[in-house]
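What follows is a single structure, written as structure tokens, with notes after it.
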Amino acid sequence: FSYIKIAEGCNHHCTFCIIPSLRGPLVSRPIGSVVREASNLVKSGVKELLVIAQDTAAYGQDVKYKLDFIGGRAVKTNIKVLFEELGKLGVWVRPHYMYPYASVDEIVPLMAEGKILPYLDVPFQHAHPRILKAMKRPGSEYNMERINAWRAICPDITIRSTFITGFPGETEEEFQYLLDFLKEARLNRVGCFAYSPVEGAAANDLPGALPESVRVERRERFMEVQSEISKELLREKVGKTIKVLVDEAPDEDGIATARSSADAPDIDGLVFIEGNPDVKPGDFVDVKVTDSSDYDLFAEVVKEP
């Protein structure tokens, strides 16, 4: 796989990104440059493109969506057009790090049409409106409505997110609000961090700093809830046939490592293909899910009739 940088100067270790740096001002790369680089990666054998930026959904805002050229065609520099073009390359295209703006709603239909992977990485960070405001993060009490709308358009969508527990001033009631949101949202992939002061961060000056023990304890409670949700969602996949991308050839025990469309490399779950399958890295294969754990699936290659 290759990360797609859609901006110059990104300090994330990746191959391809659309907005420069994961911190600082947003400076969108020309859409023609991004698509050309993606096309060259595909020609070199890349099977999956991970599109990432400081805020991928904001792509093009800083340049007022100006026109650029792709193969002699004038196109706007915006996220929908970018994913439409990348979706023509015949490989997996996986969106990452998209705040819940209206532009996200525009690309979900592309997922339903099979043009890009039905996968959204949306860093909600929290659910309580007061905490989100204190974090200076986009999002509101309407996030649940947006999640339901995305699922109505694309029922197979996988939603990944990250959250922070123990932000300065977070009350037990506000934390419970977050847990209630988690239970209702039933997100597929979730990461959680206990709040930790960062040098120079404005949050360091906020009142109500919580003891580390409280921050960590809330993270553990949060992940206990999510573990059960993940376990239940993966159990529903047992018996189904899914397409996977092989990452590692069979090991000495005859088990190959792969990922489904629901699994981004390094951060999500894995699909372990048992039975010493005749596969190699880079292969797309259909497998039948035979078992599941909290975060991973176990499967066998579907035999030709």
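Rule-based calculations on the coordinates, nothing more; no lab input. Bear in mind the structure is a predicted one, so any value in this text is a computation, not a measurement.
A Stokes-Einstein calculation at 10 °C with viscosity 1.306 mPa s, built on the Kirkwood radius of the chain over Cα pairs, returns a diffusion coefficient of 77 µm²/s.
For the residue pairs Lys136/Lys183; Lys237/Lys280; Lys47/Lys80; Lys80/Lys237; Lys88/Lys183, the C-alpha atoms sit more than 27 angstrom apart in Lys80/Lys237; Lys88/Lys183. If you take the alpha carbon atoms of the stretch 220-273 and fit the smallest convex hull around them, that volume is 109 Å³ per residue. Based on alpha carbons, the Rg and Dmax found for the stretch 170-269 are 18.4, 55 Å. Per-residue extension of 0.36 nm, minus the Cα-Cα distance of Asp296 and Asp253, leaves a gain of 13.7 nm for this segment. Between Glu173 and Glu224, the contour length at 0.36 nm per residue exceeds the Cα-Cα span by 16.6 nm. Roughly what % of DSSP beta bridges within the chain run antiparallel, to the nearest 5? The antiparallel proportion sits near 50 percent. Taking 13 Å as the straight-line reach from the Cα of Lys76, the aspartates and glutamates in range (excluding those fewer than 8 positions away in the same chain) are Asp62, Asp68, Glu84, Glu85.
Within the listed set Lys76, Lys64, Lys115, the residue fluctuating most in the Gaussian network model of the chain (springs between alpha-carbon atoms under 10 angstrom) is Lys64. Any idea what % of Cα-Cα pairs in the stretch 73-188 are farther than 23 Å? When all Cα pairs of the stretch 73-188 are counted, 34 percent exceed 23 Å.
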